[in-house]
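Structure record follows, encoded as C-alpha cells.
The values are calculated or read from the model by the stated rules, or taken from the named source; none is laboratory data. Every value quoted in this text rests on a predicted model; they were computed, and no experiment measured them. Every residue, glycine as well, gets a Cβ built from its backbone with ideal geometry; the counts of neighbours run over all protein chains shown. Quick note on the areas: whole protein, heavy atoms, side chains included, nothing else; ligands and nucleic acids left out. Shrake-Rupley method; radii C 1.70, N 1.55, O 1.52, S 1.80 Å.
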Amino acid sequence: LRRKTGNALFLKEYNRRRILSFVREHKSISGIMLSKLSGLAPKSVYEICDGLIQDGYLYEASIGSSGGGRKPVMLSLRPDYYYSIGIDIDVGMVRAVLMDITSTVKFELNERVDGINYEVYLGLMVKLIKTLYKRNKTDASKLLGVGLSVPGLIDIDSKKLIMAPNLKWENKDLINDLKQHLSCNIFVENEAMSSAFCEKWLGECKNDKDFICINIKSGIGAGIYTCGKPYRGARGSAGEIGHIPLSENGPLCGCKNRGCLETLASTNALLTNAKSAFEKEITLDGLIALAQGKNKAAEEIFNNAAQYLGLAISFLVNTYNPSKIILGKDFTKYAKFELDVIIDKVNGTALKHNASAVRIQPSSFGERASVLGAAILPQIQIF
Ligand SMILES: [Zn+2]
C-alpha cells in the first residue's frame, strides 16, 4: 500500500511540473489546450490547475478567444510572487539578480571586488543576497533558492568547488559556507553551464537539443547540451575546452601545459599579446578602440585569437554535431573583429556535413548570461 501511495504522489508531482512547464512555454494557455498537450483528462487538469492557483504559481490571466460558445479562461504564471536569486562570481566582480518565475528580472546589482580573497567574496555575496531580498519585500517562503555561478570545476557528487584557477580557490564548500549565513536552498553550477541554462531557458537555444555555449573572458569554458540535457561527464567537469592543447610550444597555461586554447584566445591572451605588440599595458576597451580605428597590429591580435577559436570549435563541431554555438561574456564586446574569421575557419576545417548544420553567433545576453542562468537554477526544480 505504501508503495502505491508513493507512486501516486510521484505521479501527482510529475503532472504538476508538466503543467507548469507547459504554461511557462506558452506564457498564456487554456485548460483545454493543457489537456491536449499533457494527454490528461480535463478534470485532472482542472484539479491540478486549481491547486497551482491556490499555491500561488498560476493565475487566471485573461479570457481567450474561441470560435463561438463559452470563452476559455487563460492561465499564466503568476508574476511578483515566487522568485529566486542568482549570483555570478567573476574575477573582480560579483553580479546578482532577483528574478520571479515569469523570468522577469526585478532587481539587479553588480559590485566590484579587489583581489581574490575567498572570505571577501563570501561576505559580498551574503550582503548582495540580503539586499535583494529586502528590496523585494516578499516573504522568505516565496524564495525558491539562491543559484551560484562559479568560474571553476564543481564536483558532481559533493557539489564542492574543486578549483577556480583564475581566483586561485581550491576545495571550497560554497554551499555550506553560505548556509552559515542564509537559510534557503542553495545551488551551484559552473559559469559556462549557467550560461547554457540561460540560453536554453530564455535565449537563442530554446528549441535546440544539441548546442554549446562558450564563455570567453579571463579563461575559456563551455556549457554543453546533448539530447536536450546538460552534458557533464563522469565527474562533472566536461566542457573545459580552454585547455584543449593547440600549440605545442605555446605559452605556459595555468594548468601547467603549454599552448592551451585559453593561452591563445582568451581576453587575457589578447591583452598579453597587446602588451608585447604595443610595449605597454592596454585595456580591453583600448584594444577594441584600436581595432575599431583599423590599427593593423590590433586587428592581427583579434585575427590570431579567432583562428585558434575556430580550430577548437571545429573539434567541437565534429565531435558533438551541435546546431548552435553561442559565444558569450567578453566575446560579445569584440565579436565583430572575430566572428567571421571563426566561421570561415570552421567551414574550412570541420567536416562539411557538420559545419553546415551549425550556427555560430554571439550571445544576446552579453555578460549577463551566467547570472541569469544562476537565477534559473532554483526555478528548474519546480518545473
Ligand atoms: Zn591549460
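Based on Cα atoms of the stretch 95-175, Rg over Rh with Rh as the Kirkwood radius reads 0.99.
Residue by residue, the stretch 167-179 carries 3J(HN,Hα) couplings of 9, 6, 9, 9, 6, 9, 9, 4, 4, 5, 5, 6, 5 Hz when phi is fed to the Karplus relation 6.51 cos²θ - 1.76 cosθ + 1.60 (θ = phi - 60°); x denotes Gly or Pro. With N as its number of residues, the stretch 1-51 has a Cα radius of gyration that, divided by 2.2 N^0.38 Å, comes to 1.20.
Distant-in-sequence amide contacts of Asn166, defined by a placed amide H-H separation under 5 Å and a gap of 5 or more residues or a different chain, comprise nothing.
If R0 is 30 Å, what FRET efficiency do you get for Cys184 and Glu119 from their C-beta distance, rounded to 0.05? In this case the efficiency is close to 0.90. Semi-axis lengths, largest first, of the ellipsoid equivalent to the stretch 266-383 are 28, 21, 11 Å, with √(5λ) applied to each eigenvalue of the Cα gyration tensor.
With θ taken as phi - 60° and the Karplus curve 6.51 cos²θ - 1.76 cosθ + 1.60 applied, the whole-hertz 3J(HN,Hα) list for the stretch 101-116 is 6, 8, 6, 7, 7, 9, 9, 9, 9, 10, 9, 6, 10, 8, x, 10 Hz, x standing for glycine and proline.
Of the solvent-accessible surface of the chain, computed with a 1.4 Å probe and all protein chains present, 51% belongs to carbon and sulfur. From the phi angles alone, apply the Karplus equation (6.51, -1.76, 1.60; θ = phi - 60°) to the stretch 157-162 and give each ³J(HN,Hα) in whole Hz, x where the residue is Gly or Pro. Those phi angles translate into 8, 7, 6, 7, 7, 6 Hz.
Report summary: the helix-based calculation at 222 nm, which adds -39500 (n - 2.57) for every DSSP H run with n ≥ 4 and divides by the residues of the chain, gives -14000 deg cm²/dmol.
Scanning residues 5 or more positions from Lys324 or on other chains, those with amide H under 5 Å from its amide H are Ile212, Arg359, with H placed 1.01 Å from N in the peptide plane. Hey, could you get me the Stokes-Einstein D for the chain, Kirkwood radius over alpha-carbon pairs, 25 °C and 0.890 mPa s, rounded to whole µm² s⁻¹? Translational D for this selection: 109 µm²/s. Taking amide H as placed 1.01 Å from N in the peptide plane, the amide H of Phe187 sits under 5 Å from that of Val146, Gly147, Leu148, each at least 5 places away or on another chain. Volume per residue of the convex hull around the Cα atoms, evaluated for the stretch 36-163, comes out as 167 Å³.
Kirkwood's formula applied to the C-alpha pairs of the stretch 166-266 gives a hydrodynamic radius of 15.3 angstrom. Here each label is just a point 7 Å from Cα along the line to Cβ, and for Thr102 and Glu300 those points are 5.4 nm apart.
Based on protein heavy atoms only, the chain ends up with 49 Å² per residue of surface accessible to a 1.4 Å probe. Ratio of Rg to Rh for the stretch 115-161: 1.05 [Cα atoms; Kirkwood radius as inverse mean 1/r over pairs]. Taking label positions 7 Å along the Cα-Cβ direction at both Ser247 and Thr138, the computed distance is 4.9 nm, reported to one decimal.
The convex hull around the C-alpha trace of the stretch 222-313, projected and averaged over every direction, spans 7.5 square nanometres.
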